[in-house]
1. Out of Asn242, Asn227, Asn279, Asn221, report the one residue that is modelled with pLDDT of 95 or more, assigned to a strand (DSSP E or B), buried (at least 18 other Cβ atoms within 10 Å of the Cβ) and in contact with an Asp or Glu (Cβ under 7 Å, 6 or more places away or on another chain).
2. Please indicate, with yes or no, whether at least one residue in region 167-184 is at negative phi, in contact (Cβ under 8 Å) with a residue 12 or more places away in the chain and within 9 Å of the chain's Cα centre (by Cα).
3. What about Glu325, is it among the acidic types (Asp, Glu), open to solvent by less than 50 Å² (accessible area, probe 1.4 Å), closer than 18 Å to Leu282 by Cβ and at pLDDT 95 or above?
4. Show the residue pairs meeting these rules: Cβ distance below 8 Å; 6+ apart or different chains; first residue within region 29-41 and open to solvent by less than 100 Å² (accessible area, probe 1.4 Å); second residue aliphatic (A, V, I, L, M).
5. Do you know which residues across region 334-376 are farther than 19 Å from Leu282 by Cβ and among the hydrophobic types (A, V, I, L, M, F, W, C)?
6. Just to be sure before I move on: is Thr295 buried (at least 22 other Cβ atoms within 10 Å of the Cβ), among the hydroxyl-bearing types (Ser, Thr, Tyr) and assigned to a loop (DSSP other than H, G, I, E, B) in the structure I sent?
7. For region 245-260, give me each residue that is open to solvent by 10 Å² or more (accessible area, probe 1.4 Å), more than 30 Å from Thr143 (Cα to Cα) and part of a strand (DSSP E or B).
Amino acid sequence: MKNSIVKLIGIVTLSAGLFASCSSDNNNDKPKSTFVVNANDFKGTITDGEVVLDAATTYKLTGKLQVNSGATLTIPAGTVIQGVGGTSAYIAIAQGGKINVNGTAAKPVIMTSGLTTKAAGDWGGLVICGKAPINRVTGGASTAQSEVADLTYGGTVANDNSGVIKYLRIEYAGAAFNTEKEFNALSFFGVGSGTVVENVQAFHGSDDGFEFFGGTVNTSNLVAIGNEDDQFDWTEGWSGTNTNWYGKLAFGKGNRGIEADNFEFGFANTPIANPTITNMTLVGPGSTADATIYTENQAIKFRRGTKGQISNVVLSGWKTGIDVENDETIAFVPTALKVTNVLFAADIAAETKGKKTDASSADVSAVAVKSATATGAGAGVAQPTWAAGWTVGF
């Protein structure tokens, strides 16, 4: 009897081992890429398979790194990528390509400047292009070329998946070449809702922190501090669902907390931009800050036909709290465009301001529903607990 039991245990153990081995093999069955990584000259085009970086290695981004359709770039927790090639050095994910940033709160992935003296605009930033709808042509089925990287974006796949981004800090990126070509720290071009974006910071970039060009991507726990244009920006019909945004101007430069458009060249184009944001804090430079530096001292600018639903908001230190411009945008107040449970915490010269398309003023006070108990991103104007450990600049 004992021998039978021993034999049975041996068979079960062997079977379990074989099963685990097979399961392990299946979990790691992603094809390797033919792309050859040079950590000291990190650039090129990944056309196939999966490239997995090494967290123990620092990568010097010297030019454009592009991930094409069918290929994947995977970046483990704690990896550092340093841009050393100016604005010609950036990471671009093409339609059908994927980026997996697997950072943690203790070990975020850091994309930063590789220069000794770091400054905004030292490298280009991260660009992601998806197949979700945009409204450059009304109806949402159009495609376009991204202003950075010249890649196609847009389409009809609302749940398109460009990968997973968790615990990523992007520092000293961005550039503004002209009004039609700008590098942001992180640019979402037609990115779909199948993409995961959680716990990401844009720090001290030379243009916007985060900008959404259409698409349906959702986000949570975004931090934008010290970016030299807007901290958050959307256009081209973006309609994501978002929680926990924190934005703060710093370093003597910057414009708005949020700049929100439907589409610059078609205020009524569909799908109409209509994101929801729950729990948000925007801290400005002060209501009397130098107007030659802070030329658009507004916490939130709604214009060009955008909709939006924002709730639990704390605003502090702005000349204007909520500014609504253009007839198409004003028409959405206070139903399709509203900021509810908002606390104008301190130093707000004008809580709301409205301007019609003909430049005459409009009463848009109904856009805001005030509350004395709003907590914003979690701790009023202070650093929220969810941002502790992996962010900088508070």
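The values are calculated or read from the model by the stated rules, or taken from the named source; none is laboratory data. Everything quoted here is computed from the prediction, not taken from an experiment. Virtual Cβ from ideal backbone geometry, glycine too; neighbours counted across all protein chains shown. Side chains included, ligands, DNA and RNA excluded: accessible areas come from the protein's heavy atoms. Shrake-Rupley method; radii C 1.70, N 1.55, O 1.52, S 1.80 Å.
1. Every option except Asn221 fails the conditions.
2. no
3. Values: among the acidic types (Asp, Glu): yes; open to solvent by less than 50 Å² (accessible area, probe 1.4 Å): yes; closer than 18 Å to Leu282 by Cβ: yes; at pLDDT 95 or above: yes.
Judged against the criteria, Glu325 is a match.
4. Ser33/Ile46; Ser33/Val51; Ser33/Ala71; Phe35/Ile46; Phe35/Val51; Phe35/Ala71; Val37/Val51; Val37/Leu53
5. Within region 334-376, Ala336, Ala359, Ala362, Ala366 meet the criteria.
6. no
7. Correct list: Lys248, Ala250, Lys253.
One line per residue, one yes/no per condition, for (1) under 22 Å from Ile258 (Cβ atoms); (2) open to solvent by 10 Å² or more (accessible area, probe 1.4 Å); (3) in contact with a strand residue (DSSP E or B) (Cβ under 8 Å, 6 or more places away or on another chain):
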site: Gly140; (1), (2), (3): no, no, yes
site: Ala149; (1), (2), (3): no, yes, yes
site: Ala185; (1), (2), (3): yes, no, yes
site: Val191; (1), (2), (3): yes, no, yes
site: Gly194; (1), (2), (3): no, yes, no
